[in-house]
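S.K.: Dropping the structure in here first, questions after.
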Amino acid sequence: MAVIDSIAKNRLITGFIIGTLVFSCMLAGGKFLLALLLIFIIIASKEYADILKNKGFLPFFKVILFTSVSMVLVSACGYHNLIPLVLLLGTIGSFLAVLFRGRQPYIANVATTILGFLIAWMPCHICLIRQMGPDVTLFNITFKQGLYFLLFIFFVIMVTDIGAYYFGVRFGKHKLSPVISPKKTIEGAVAGIICAIITGLIIGALIGMSLYHAFVLSLIVTVMAQLGDLSESLIKRDAGVKDSGHSLPGHGGFLDRADSYLFSVPIAYYYIKFFVLSGLTLPVITDFIGKIFNVICS
């Protein structure tokens, strides 16, 4: 019991420190948010490469790191259009690294290298969200509306984790994914979703988001957060490791702590961009799908 209490205490302290740091960098934006993402990308990329080595794969860490850092920099500087070019160069670099280094298994090393910087690409959307929307003034401080959206995502994910963990421990009986993540339960997952939606509706009302968008966005974020968590667990389980690293007491590694953001942040970005800010509606999407169908069938 003392050991369990010690682990829980370390997890709580570490989570509070990290949460405060991330929250502060989101508020500050600019070089502070950039520095936070760069630190995460560098350490998480190394954790990823080390995990894959346990599986017998040899992803090229330098290619992953160079491509990942480049994507963070172009995202933070507002050069969104350069991201596809960086991804293209990273993909070519992955093939060339295997071609000239000749380390077996060839296909697996190329694929795991590309997957490495694709994973790093997803958190880059944090910078993109922070820059979204018109200027907003609060308490004589002017900032982009994207800060509201970023804080919305931050609190929804935080409440998802807390709700799923608490209700899963107290009431969880049915395993969510017995093979991939045996400690997670269906009860915990559902509770996390409910808590997240309630939180999203409250925050949405505070920042002036419509009830519909607040509900849909919070649902997207909480579901994607849990799927991101399970997907990272999938990689670790297949590689035969428990944690991605040991940098964060009670949480494992940086990837372990940020896995909830991997899917939720980019999906949230595109929902906000096309639906919340641009006003894209379901009839427009239906019409678009209909046109594609007509082209295929013509």
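The values are calculated or read from the model by the stated rules, or taken from the named source; none is laboratory data. All values derive from a computational prediction rather than experimental measurement. Every residue, glycine among them, receives a Cβ derived from its backbone with ideal geometry; neighbour counts consider all protein chains shown.
S.K.: Taking the stated definitions as given, is SER94 touching a Pro at 6+ places or on another chain (Cβ under 9 Å) and of a type in the set (Gly, Ala, Ser)?
M.R.: So SER94 fits the description; yes.
S.K.: Quick check on ALA111: is it farther than 27 Å from GLY204 by Cα and in a helix (DSSP H, G or I)?
M.R.: Criteria met by ALA111.
S.K.: Quick check on region 47-65: of everything there that is part of a helix (DSSP H, G or I) and surrounded by fewer than 19 Cβ atoms within 10 Å (Cβ to Cβ), which residue is nearest to the chain's Cα centre (by Cα)? Please lay out each step first, then the result.
M.R.: Step one: filter region 47-65 for residues part of a helix (DSSP H, G or I), giving 47-53, 61-65.
So of that shortlist, the ones also surrounded by fewer than 19 Cβ atoms within 10 Å (Cβ to Cβ) come out as 50, 53, 61-62, 65.
Working: ASP50: 20, LYS53: 23, PHE61: 20, LYS62: 22, LEU65: 17 Å.
This residue is LEU65.
S.K.: Next question, about the same structure. Would you confirm whether any residue within region 86-94 is surrounded by 18 or more Cβ atoms within 10 Å (Cβ to Cβ) and over 28 Å from ALA225 (Cβ atoms)?
M.R.: yes
S.K.: Now for a separate question. Got a sec? Which of ILE162, ILE157 is touching a residue at least 24 places away in the same chain (Cβ under 8 Å) and under 18 Å from ILE267 (Cα atoms)?
M.R.: Just a single option satisfies the conditions, and that option is ILE157.
S.K.: Sticking with this one: Examine region 223-235 for a residue that is within 19 Å of THR113 (Cα to Cα) and surrounded by fewer than 18 Cβ atoms within 10 Å (Cβ to Cβ), and state whether such a residue exists.
M.R.: yes
S.K.: Follow-up question, since we're still on this one. Considering every residue within region 211-222, establish whether at least one is at positive phi and at pLDDT 85 or above. Steps first, please.
M.R.: So the first thing to find is which residues in region 211-222 are at positive phi, and the list is none.
No; the residues of region 211-222 include none that is at positive phi and at pLDDT 85 or above.
S.K.: Taking region 11-39 as the region of interest, how many residues are in contact with a Phe, Trp or Tyr (Cβ under 6 Å, 6 or more places away or on another chain) and in contact (Cβ under 8 Å) with a residue 24 or more places away in the chain?
M.R.: Result for region 11-39: 0.
S.K.: I would also like to ask the following. Scan GLY29, GLY56 and give me the residue that is small (Gly, Ala, Ser) and within 18 Å of SER244 (Cβ to Cβ).
M.R.: Unique residue meeting the criteria: GLY56.
S.K.: Are there any pairs, at least 6 apart or on different chains, whose C-beta atoms fall under 8 Å, with the first in region 106-117 and touching a residue at least 12 places away in the same chain (Cβ under 8 Å) and the second surrounded by fewer than 17 Cβ atoms within 10 Å (Cβ to Cβ) and among the charged types (D, E, K, R), and if so, which?
M.R.: Note: pairs meeting the criteria are ASN109/ARG103.
S.K.: Return yes when LYS55 is of a type outside the set (Phe, Trp, Tyr), within 19 Å of GLU232 (Cβ to Cβ) and modelled with pLDDT under 90 and no when it is not.
M.R.: In short, yes.
S.K.: Looking at region 22-43 only, could you name the residues that are on the phi > 0 side of the Ramachandran plot and surrounded by 16 or more Cβ atoms within 10 Å (Cβ to Cβ)?
M.R.: GLY29
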